[in-house]
Amino acid sequence: MSILLSNINKKFGQFSALQNINLEIPEGELVALLGPSGCGKTTLLRIIAGLEGADGGEVCLNGKDITAQHVSNRGIGFVFQHYALFRHMTVFDNVAFGLRVKPKKHRPDEATIAKKVHALLELVQLDWLHDRFPDQLSGGQRQRIALARALAVEPSVLLLDEPFGALDASVRKDLRLWLRHLHQELHVTSIFVTHDQEEAMEVASQVVVLNKGRIEQQGIPSEIYDHPVNAFVSKFIGQTNVFHVEKEDSQWLEHAGIVLDDPQGLIAHVRPHDIQIEKAQSAEQSPIILKDWQHLGATIRLELSKIQSQSNAIVYAQMPNEQFKNLNLSKGDHVLLQIKQAHWFN
Amino acid sequence: MHIATTQTFTAQPTFRDPRWLRVSLILIAVSFIVLFLCVPLILVLSEAFSKGWQAYWSALSEPDTVSAIKLTLITALVTVPLNTLFGLCAAWAITRFEFKGKSLLTTLIDLPFSVSPVISGLIFVLMFGAQGWFGEWLSAHDIKIIFAVPGIILATLFITFPFVARELIPLMQEMGSEEEEAALSLGASSWTTFFKITLPNIKWGLLYGVLLCNARAMGEFGAVSVVSGHIRGLTNTLPLHIEVSYNEYDFVASFASASILAGLAIVTLILKSVLEWKQSQNRV
């Protein structure tokens, strides 16, 4: 179902956690609420769920105003960062909970419940653990059980609060893709909160970037990456080099062939992979040297710096492994820069 | 190349206290317990049975003793459920809500522990006694609180209200509210959430608090002594009855009653260790 938030405000004491949030989430999307810690993303998620009350504004689900509705009547599924599995219940009872607490006339009989629970456990590929207790499971298994439990009541919306935050790196990678595939299978409108931009880009069909209680930008991942609307989004999504035109940094841009007679802003943001490198024929040709480089797997990250420069500014460039081998560069070599693309901000 | 390494993981006690120190510390602790707990307990029992089973039994079946036992049971039956309820409410409010004066409330819950029981009793005399604030109104409506059962119950309520709350607050803080929120989001009502999620998680701690509350309710002397008036067969609880009998040189009756309270203490201790063990099992 579609979600519509209008003019959501929330204060904690003097601190304004959310300011005039307007957000529309179409049906069937998998949306990431992305932002640095303390930006209000979890608060927003909890307001949608009804676990927290907003000071002002409306929450609409499929056109129906649910602002005043209690969390237990909203029909949302919520997955917590630390799983929040019922520790005194088995995996089976955890998943069955939502069905068993339904009012008598809507409650399925035990046989139906059992069938449904096993089907859900198979969906998350953990049916063989049905009689275990939560503390006998690994973090990744617990989170999948928590998801199965939330799905049991067939929620119209699935909300996930940093669902992979407490997991170790390799499990997190697997679960991300698994969640994306599960969403493609189920098509339930989902919102997940994360502070990890890579995670948001990888999993979500739409990304909402939040900062200091405001929405900075909303769009599909490639849109946000290729066309950030402001300096914050540009810096937060992926790596970027920041050049201040009015400072010494302008020399970098000149060396890189950017015409500075008519700059489009005060600050230029350049992605590392938008910097092209060539080996200089002689030291006179360019004052820029390769200071160091790191192997990142498929790509190489190069640290560039200027000789005879007061500042220790380092510019990062990135290129495919193969290309780097062909350039045959070593540390201390002079290089020529070519900036292919820059984003200008004020 | 293959290098075989052997590692031993036995802890090397580098900083170990000398043997004489360990032995003497243990000896001091054990002899203290024997001297101040076991010897008095044996004394109570030997005095109670000094004139044989017959005398013990007749002392216990004497009407005044029976009425003291009854009153003690009634007091506990009223105060323990009330304070369980209060403790649950207070712990819930403190651990689940944010409100002004929360830390003050937390401190006030401990008040009965820091105030002398005699003072606690006096407060009720000052409030409900003949010369007290409500004294005239009460006597005009023919309601007796001081030197009557209601006074004893009130004083005991006051003395024992921290036990359950103090046991539950740290437990519920540690537990957090995420599981409850999860239950609510799954469509459970607040009542269902309490009975199916909160209560199972705190039940051992709750029982432990109830047990301590009960032990104190049955054993309280100071505050009850001030408000009771020591009317034999009417307002004497067991602890008061023990004192009265002792002052009248009725040693068998006094120690026989004391043996009941001592027995209660032992049962409480055993249950307490069982509950502590259960709680630690639960936490693994």
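No value in this document is a laboratory result; all are computed from the given coordinates. Model, not experiment: these values are computed from the prediction. Methodologically, a virtual Cβ is constructed for each residue, glycine included, from the backbone with ideal geometry; neighbour enumeration extends over all protein chains shown.
Each peptide in B:134-141, A:64-71, A:313-320, B:100-107 gets a packing score, the mean of other Cβ atoms within 10 Å over its residues, and the list from highest to lowest is A:313-320, A:64-71, B:134-141, B:100-107. For A:Asp168 and A:Ser16, the FRET efficiency from 1/(1 + (r/R0)^6), where r spans their Cβ atoms and R0 equals 35 Å, is about 0.50.
For A:Thr90, put the label point 7 Å out on the Cα→Cβ axis and report which residues of the stretch B:170-203 keep their amide N under 12 Å from it. Within reach of a label on A:Thr90, which here means backbone N under 12 Å from a point 7 Å along Cα→Cβ, the stretch B:170-203 contributes nothing. Put one equal scatterer on each alpha carbon of the protein assembly as shown, apply the Debye formula with no solvent term, and list log10 I(q)/I(0) at q = 0.05, 0.07, 0.08, 0.09 1/Å to two decimals. So the normalised log intensities work out to -0.43, -0.73, -0.85, -0.96.
Here's how it looks for A:Arg132: its modeled amide H is under 5 Å from those of A:Val91, A:Phe92, which are all 5 or more places away or on a different chain. Derived from the Cα gyration tensor, the three semi-axes of the equivalent ellipsoid of chain A are 48, 25, 15 Å, largest first. Cut-off under 26 Å on the C-alpha distance; same-chain residues fewer than 8 positions from A:Lys115 excluded. Which lysines are left, in chain and number order? Leaving aside lysines fewer than 8 places away in the same chain, those within reach of A:Lys115 are A:Lys102, A:Lys104, A:Lys105, B:Lys196. Just the Kirkwood number for the stretch A:1-153, please: inverse of mean 1/r across all distinct Cα pairs, in Å, one decimal. Result for the stretch A:1-153, one decimal place: 17.2 Å.
Charges were assigned to the Cβ only: +1 to each Lys and Arg, -1 to each Asp and Glu. The resulting dipole of chain B about its Cα centre is roughly 620 debye.
Across every pair of non-identical alpha carbons in the stretch B:50-133, the mean reciprocal distance, once inverted, gives a Kirkwood radius of 16.8 Å. Its residue count N sets the reference 2.2 N^0.38 Å, and the alpha-carbon radius of gyration of the stretch A:274-346 equals 1.11 times that reference.
Across peptide B:186-197, what mean number of C-beta atoms from other chains lies inside 10 Å of a residue's C-beta?
That works out to 6 on average.
Considering only A:Val203, A:Val31, A:Val124, the Gaussian network model of chain A with Cα springs below 10 Å gives its largest mean-square fluctuation to A:Val124. Overall, the stretch A:47-125 carries a charge dipole of about 420 debye about its Cα centre when +1 sits on the Cβ of Lys and Arg and -1 on the Cβ of Asp and Glu, all other atoms neutral. Taking amide H as placed 1.01 Å from N in the peptide plane, the amide H of A:Leu158 sits under 5 Å from that of A:Gly77, A:Thr189, A:Ser190, A:Ile191, each at least 5 places away or on another chain. Take the Cβ atoms of B:Phe99 and B:Tyr249, set R0 to 56 Å, and the FRET efficiency comes out at 0.50.
This ranking places B:Ser190, B:Ser67 by how few other beta-carbon atoms lie within 10 Å of each, fewest first, which gives B:Ser190, B:Ser67. In this simple spin-label approximation, A:Ser330 and B:Phe113 carry label points 7 Å from Cα along the Cα→Cβ vector, and these lie 7.3 nm apart.
Listing A:Trp128, B:Trp92, A:Trp252 from fewest to most neighbouring C-beta atoms within 10 Å gives A:Trp128, B:Trp92, A:Trp252.
Within the same chain, lysines fewer than 8 places from A:Lys235 are excluded, and of the rest, those with a Cα less than 25 Å from its Cα are A:Lys41, A:Lys173, A:Lys212, A:Lys247, A:Lys291, A:Lys306, A:Lys340. Inter-label distance, A:His227 to B:Trp137: 7.4 nm, where each label sits 7 Å from its Cα along the C-beta direction.
Sorted ascending by nearby beta carbons within 10 Å, beginning with the fewest, B:Cys213, B:Cys89 become B:Cys89, B:Cys213. Only Lys, Arg, Asp and Glu carry charge here, each on its Cβ (+1 for the first two, -1 for the last two); on that basis the stretch A:196-346 has a dipole of about 260 debye about its Cα centre.
Since only B:Pro162, A:Val203, A:Trp344 are under comparison, the one whose Cα sits farthest along the positive direction of the charge dipole of the protein assembly as shown, derived from C-beta charges on Lys, Arg, Asp and Glu, is B:Pro162. Radius of gyration over Kirkwood radius for chain B, both on Cα atoms: the Rg/Rh ratio is 1.10.
Averaged over peptide B:170-181, the number of partner chain Cβ atoms lying within 10 Å of each residue's Cβ comes to 3. Modelled this way, with points 7 Å down the Cα-to-C-beta line, the labels at B:Gln173 and A:Lys212 are 3.4 nm from one another.
Is there a simple number for the mean count of other chain Cβ atoms within 10 Å of the Cβ of residues in A:73-79, and what is it? Don't skip to the answer; put the middle values down first.
Numbers: counts 3, 3, 2, 3, 3, 6, 2.
Per residue, the number of nearby Cβ atoms from other chains is 3 on average.
Choose one of A:Pro155, A:Met89, A:Leu126: the residue whose Cα lies farthest towards the positive end of the charge dipole of the protein assembly as shown (beta-carbon charges +1 Lys, Arg; -1 Asp, Glu; about the Cα centre). Farthest along the dipole direction, towards plus: A:Met89. Building the convex hull from the alpha-carbon atoms of the stretch B:140-189 and averaging its projection over directions returns 6.4 nm².
In terms of its alpha-carbon gyration tensor, the stretch B:35-92 comes out oblate; a/c meets the 1.5 threshold, while b/c is at least as large as a/b. Just so you know, the Cα atoms of the stretch B:69-187 work out to an Rg and Dmax of 18.0, 57 Å. GNM on chain B, alpha-carbon springs under 10 angstrom: the most fluctuating residue among B:Val149, B:Val274, B:Val44 is B:Val274. Each of A:Gly56, A:His70, B:Cys213 was scored by the projection of its Cα onto the charge dipole of the protein assembly as shown, and the greatest displacement toward the positive side belongs to B:Cys213; charges sit on the C-beta of Lys, Arg, Asp and Glu. Can you classify the stretch A:197-346 as rounded, prolate or oblate using the Cα gyration tensor, where a ≥ b ≥ c are the square roots of its eigenvalues, rounded means a/c under 1.5, and otherwise it's prolate if a/b beats b/c and oblate if not? Because a/c hits 1.5 or more and a/b fails to exceed b/c, the stretch A:197-346 counts as oblate. Kirkwood hydrodynamic radius of the stretch A:114-254, from the reciprocal of the average inverse Cα-Cα distance over all distinct pairs: 17.5 Å.
In chain A, the DSSP-assigned H stretches of four residues or longer account for a calculated mean residue ellipticity at 222 nm of -8000 deg cm²/dmol, using -39500 (n - 2.57) per stretch and the full residue count as denominator. With R₀ set to 25 Å, the beta-carbon distance separating A:Trp344 from A:Ile307 gives a calculated FRET efficiency near 0.35. Judged by the gyration tensor of its Cα atoms, with axes a ≥ b ≥ c, the stretch B:1-157 is oblate; a/c meets the 1.5 cut and b/c is at least as large as a/b. In the stretch A:41-101 the Cα-Cα distances spread across 5 Å bins starting at 0 as 4, 15, 23, 21, 16, 12, 7, 2 percent of all pairs. Across the stretch B:26-32, coupling constants 3J(HN,Hα) worked out from phi with the 6.51/-1.76/1.60 Karplus curve, θ = phi - 60°, read 4, 4, 4, 4, 5, 5, 4 Hz, and Gly and Pro carry x.
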